[in-house]
Each structure stands twice: as structure tokens, then as C-alpha cells.
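Okay, structure first, notes after.
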Amino acid sequence: MAPPRATSSDRLEDPATDPVAVAADAAAIIADRTGIAEYPIAVTLGSGWGRTAEQLGDTVAEIPASELPGFSASGVPGHVGSVRSVRLADGRAVLVLGARTHLYENRGVRAVVHGVRVAAALGARTMVLTNGAGGIDPEWAPGTPVLIRDHINLTGTSPLEGPQFVDLTDLYSARLRAIARSVQPGLDEGVYVQFRGPQYETWAEVAMARTIGGTIVGMSTALEAIAARAAGLDVLGFSLITNHAAGVQSEPLAHDDVLQAGRAAEPVLAALLAKVITAL
Ligand code: 8IG
């Protein structure tokens, strides 16, 4: 049997490695290649949000994630594998992470939150997390963007190692949510429930998520939000509802339909994200 190909993420998986040091290495390369040492705002793009970066401003540089320590090319169709430097019209630099690793990719939770740690190493104060997700609230038609008010982490894991008793009160900053609602009146808020995936939920799991207070189901974001808060960042989260959660609609879920809903929503999301980020 051929030995497994060494990837830059192997270093993260070694328990002896300090994941923050790997993030610092990636950050140094990004700072060097983009000529920008500080990124006050970072954005992670989830399903449906991939093309919104272009609308934010001028792309200064785009670096394939595979060229940065700790990242690997995304294995999920519809996910973009690069890190981009974008200049807003007002001159601020935004780090756009189009390379998300999911827990279900089995690269470990360090890989899942690596982008957030890179953002922190580049001086980010605000982390904007976006995703595509299932809606439990039947009022949300596919294509509806929803602000994340809070989360429930059902993954059974955490990005924090050791006794770091981080406070998660106001994890999804009320201040930032107020800004988002002020530029986009009528934006609904929801409680995001992170499952491990990759399978979608059974209807009974969705019923449980609803019972415990969830209104959105997804496979990302909660772990990233925890890592962001632990690193001292303010978090703003958006879900694009690409589908009704299982049991909310009668038809089975197909990944292609999910991608299609994401594509259809792109112009709306791009405008929303640009407006919100400019206002931060
Ligand atoms: I897009 O219905 C997308 N991601 N867990 N459930 C979960 N994740 C999702 C869903 C969904 N849709």
C-alpha cells in the first residue's frame, strides 16, 4: 500500500503541535504575499456564499489554501478552496476564507477552526461566519438569509484543548447583530444547531433540535464561533437557508438542490454581506 501523501494539515493533527503556531505560520505567509499585515475583519464563506467576496471590494490577492500551512483543498463540491485579500472602498482589508474544513472530513477539530485562528493571528477583531443550512422555521423559504442569534453545539467536541473555560454569553455579538439588522431591516434571527454530519438529520433529530430551541440545522460554524471567541474576536454569523430541514418538508434532501438554492440566492447574499461588512 502506498504511504499516505503528506499534506500540510498533518502537522496540525500531531498532538505535539501547537495549532496557534501553525496559524501564525499561515498568517505570516498571507501577510507577505498580500503585503497587508493586519486584517481587522475576516469572513468565512459557506455554501451559497462563495461568490459574495467579489462584491466586497477589490481582490488584492488570492492564495490557494493548499499553499498555506494547516489548510487543505476542500473536498466538498461547491466549496471554494482559497484565501483572499479584499480591500473595501474605505481602505480596510478583509480576509476572505473560502476554505472551510468540516468536522465530517475527519481532519480533526483543529483543522476545522484553523481559518479562524489564522484570522486572529492577522489581527482580526471581527469574525463573520457564513454557512448554508437547513431551516426548521417553515416560514423561511430556501434562499432566505438568517442572522445567527445563538448556537447549540451537538458535535460532542470543542476546539478548545485543556481547561479554557471561555464565556460564551453574547457569543454572536448583539452589537454586531444590531448593525446587520440596521442595514437590512427585516432580517430574521435563528438559533443554529450544529450536527456533525455529513448525513442530513432524521426527522426525529430535527424534532429534537426544534424542541431544544433550535431553528437552523447545519454542520459548521458553532465550533468556529467558539474558537473565535476564545481568541478574543467578536462574532457575526449568517445562515443561508438553502432547504427546509428534514421533516419540515416532505421531499428528501438532495445536495444538488441545496447548491442550486445557494446559487439562486447569490446576488442577494452578496449585496447583504457587502452592506453589513461596510457598516462594521
Ligand atoms: I446547505 O438540512 C445544508 N447544510 N445539518 N442539515 C444540516 N446541514 C445542512 C443542511 C441541513 N442543509
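None of the figures in this text is laboratory data; all of them are computed from the coordinates on show. Keep in mind that this is a model prediction, so the values were computed, not measured. Note: ideal-geometry Cβ built from the backbone for every residue, glycine included; neighbour counts use all protein chains shown.
The length gained on full extension between ALA204 and ALA89, counted as 0.36 nm times the residue separation minus their Cα-Cα distance, comes to 36.7 nm.
Computed from backbone phi, the HN-Hα couplings of the range 163-169 come to x, 9, 8, 6, 7, 10, 4 Hz, rounded to whole numbers (Karplus: 6.51 cos²θ - 1.76 cosθ + 1.60, θ = phi - 60°; Gly and Pro given as x). Assuming R0 = 22 Å, what is the FRET efficiency of ARG181 and ILE152, from their Cβ-Cβ distance, to the nearest 0.05? The value I calculate is 0.50. In terms of its C-alpha gyration tensor, the range 42-158 comes out oblate, because a/c is 1.5 or above while a/b does not outweigh b/c.
Spacing of the modelled spin labels on HIS255 and THR169, each 7 Å from Cα toward Cβ, amounts to 4.2 nm. Along the range 198-204 the Karplus relation, 6.51 cos²θ - 1.76 cosθ + 1.60 evaluated at θ = phi - 60°, assigns HN-Hα couplings of x, 5, 6, 6, 6, 5, 5 Hz to successive residues, with x for each Gly and Pro. Taken about its Cα centre, the chain carries a charge dipole of roughly 360 debye when the Cβ of each Lys and Arg holds +1 and the Cβ of each Asp and Glu holds -1. Taken about its Cα centre, the range 168-230 carries a charge dipole of about 180 debye when Lys and Arg each add +1 at the Cβ and Asp and Glu each add -1 at the Cβ.
If I stretch the segment between GLU54 and ARG263 completely, what's the gain in nm (0.36 nm per residue apart, minus their alpha carbon distance), one decimal? Gain in length upon complete extension: 73.8 nm. Which one of PRO138, THR169, ALA204 is farthest out on the positive end of the charge dipole of the range 135-230, using unit charges on Cβ (Lys, Arg +1; Asp, Glu -1) and the Cα centre as origin? It is THR169. Ordered by the count of other Cβ atoms within 10 Å of each Cβ, fewest first, ARG175, ARG51 give ARG175, ARG51.
The residue among SER250, GLY156, GLY46 whose Cα reaches farthest toward the positive pole of the charge dipole of the chain, with charges on the beta-carbon of Lys, Arg, Asp and Glu, is GLY46.
Scanning residues 5 or more positions from ILE152 or on other chains, those with amide H under 5 Å from its amide H are TYR192, VAL193, GLN194, with H placed 1.01 Å from N in the peptide plane. For the range 17-279, the share of DSSP beta bridges that are antiparallel, to the nearest 5, is 35%. Sorting GLU251, GLU67 by the number of Cβ atoms found within 10 Å of their own Cβ, with the fewest placed first, yields GLU251, GLU67. Distances between placed amide hydrogens fall under 5 Å for ALA246 paired with GLU201, all partners being 5 or more residues away or on another chain. When restricted to Cα atoms, the range 143-280 yields an Rg and a Dmax of 15.5, 44 Å, respectively.
Converting phi to 3J(HN,Hα) with the Karplus coefficients 6.51, -1.76 and 1.60 and the offset θ = phi - 60°, the range 212-228 yields 8, x, x, 10, 9, 10, x, 10, 8, 6, 4, 5, 5, 5, 4, 5, 5 Hz in sequence order, with x at every glycine or proline.
Per-residue packing, averaged as other Cβ atoms within 10 Å, sorts the ranges 52-64, 98-110, 206-218 into the order 98-110, 206-218, 52-64, beginning with the highest. Ranked by how many other Cβ atoms sit within 10 Å of their own Cβ, fewest first, the residues SER173, SER182, SER82 fall in the order SER182, SER173, SER82.
Size descriptors for the chain, from the alpha-carbon set: Rg then Dmax equal 17.7, 58 Å. Residues whose amide H lies under 5 Å from that of VAL43, counting only those 5 or more places away or on a different chain, are LEU95, VAL96, LEU97, VAL128; hydrogens are built 1.01 Å from N in the peptide plane.
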